[in-house]
Structures are given as structure tokens and as C-alpha cells.
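The structure under discussion appears below in the form of C-alpha cells.
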Amino acid sequence: WRGALLLADYVVQHSAALRGSTVLELGCGCGLTGLVAARFASHVVLTDAPVRVLHNARHNAELNHSLMCGNIDVRMLNGFD
């Protein structure tokens with residue numbers, strides 16, 4: 001969590017660099033950093049491996065959708081594809 005908070009703060013401070021971009025978050029957990037990035041980026045892809053974690057990230061994205069500027073996709077992270 002601490003890492004997600006620090007990275008989310010960094011994203012806010014450097015938001016201009018994300019405008020119009022696509023962001024891929026590997027191992028998103030609850031999706032905090034990706035949700036913050038979606039305030040500025042045009043497309044964010046949240047990824048993780050456990051299904052229950054993905055459900056939680058998707059739920060958080062749905063709850064916060066009205067705050068997003070870009071689209072958010074939630075996908076299974078599979079290093080074997």
C-alpha cells in the first residue's frame with residue numbers, strides 16, 4: 001500500500017506527462033495507482049493475477065468511473081501468454 005500511495009502521488013505531480021497516453025499497471029492490487037492515472041491518461045489497463053483481486057480492482061474502477069478521464073480495462077496478468 002505504501003508503494004501505491006507514493007506512486008499515486010508521483011502520478012499526480014507528473015500528470016501532464018500522462019495526458020492522452022496509455023498506462024499499463026502490472027500487479028495493480030486494489031487499483032489505486034491506475035485509478036489515479038485514469039484521471040489524466042486516455043486509457044489505463046489494470047492487471048493482476050488473483051481473480052478476487054481483479055474483481056476488487058474492477059469494483060473500485062466502477063465506483064470511481066465518474067472521476068476518470070480515460071477508459072479502464074481490468075485484465076488477468078499471465079506471464080505465460
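Put the Cα centre of the stretch 38-81 next to the Cα centre of the stretch 1-28 and the gap is 13 Å.
Amide H contacts under 5 Å for C69: R39, F40, restricted to partners 5 or more places along the chain or on a different chain, H placed in the peptide plane at 1.01 Å from N. Packing order of peptides 38-51, 57-70, 8-21, highest average first: 38-51, 57-70, 8-21 (average count of other Cβ atoms within 10 Å over each peptide's residues). Each residue of the stretch 36-51 was assigned a 3J(HN,Hα) from its phi angle through the Karplus curve 6.51 cos²θ - 1.76 cosθ + 1.60 (θ = phi - 60°); the sequence is 5, 4, 5, 5, 10, 7, 7, 8, 10, 10, 9, 10, 6, 9, x, 4 Hz, with glycine and proline shown as x. Using θ = phi - 60° in the Karplus curve 6.51 cos²θ - 1.76 cosθ + 1.60, the 3J(HN,Hα) couplings for the stretch 22-29 round to 10, 10, 10, 9, 8, x, 6, x Hz; x is entered for Gly and Pro. Less than 5 angstrom separates the built amide H of V45 from those of V23, L24, E25, D73, all sequence-distant by 5 or more or on a different chain. The relative contact order of the chain comes to 29 percent, based on Cα pairs under 8 Å that sit 6 or more residues apart.
Laboratory data are not the source of any read-out in this text; all were calculated from the coordinates shown. Treat the numbers as computed from the prediction; the structure is a model and nothing was measured. Methodologically, a virtual Cβ is constructed for each residue, glycine included, from the backbone with ideal geometry; neighbour enumeration extends over all protein chains shown.
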